[in-house]
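Visitor: Below is the structure I would like to discuss, written out as structure tokens.
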Amino acid sequence: MNDSHIMDPNNALEHKSQAAQAAEDLRSAAASQANQFGQAVEKHASAAVDITADRAEQIRQAAETGWEEAKVKMQDLLQEGEAYVRENPGKSVASALGVGFVLGLLFRR
């Protein structure tokens, strides 16, 4: 037999120890990278939540403002309509009858 194929037990232990150390270094580096990635994801997720919350608040305020403006406009229209009916009762009744007649014809079909 060739002596070059026979391993020295001490040399094998040294290679095993080096391999174990390399595996531990690799595991430690992977854990560190995973931790950094997790922190980056958490940071970006937190920023996204903040941006979304701010935007939702802006939309809520815009909707609330629009709703209030619509209510005011409807109240103004109602008051103008009431005033018109009081000033022109004959025209109002004739208009209502005409609109009712046209709607009746449309819905009959």
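Visitor: Grab the DSSP H runs of the chain that are 4 residues or longer, score each as -39,500 (n - 2.57), total them, divide by all residues and round the 222 nm result to the nearest 500 deg cm²/dmol.
Guide: -34000 deg cm²/dmol, from helical runs alone.
Visitor: Shifting gears a bit: Run the numbers for Glu14 and Asn88: contour at 0.36 nm per residue of separation, minus the present Cα-Cα distance, in nm.
Guide: Value of the extension gain: 15.8 nm.
Visitor: Taking only Cα atoms, what is the 0 to 90° angle, nearest 10, from helix 89-108's long axis to the longest principal axis of the chain?
Guide: Approximately 60 degrees, to the nearest 10.
Visitor: Between 0 and 90 degrees, rounded to the nearest ten: what's the tilt of helix 9-87 against the longest Cα principal axis of the chain?
Guide: Here the helix axis deviates by roughly 0 degrees.
Visitor: Can you bin every Cα-Cα distance in segment 11-97 into 5 Å intervals starting at zero and give me the percent of pairs per bin, rounded to whole numbers?
Guide: P(r) for segment 11-97, in whole percents per bin: 2, 11, 7, 8, 6, 6, 7, 5, 6, 5, 5, 4, 4, 4, 4, 3, 3, 2, 2, 2, 2, 1, 0, 0.
Since every read-out is calculated from the coordinates, none of them should be taken as a lab result. None of these values were measured; they are calculated from a predicted model.
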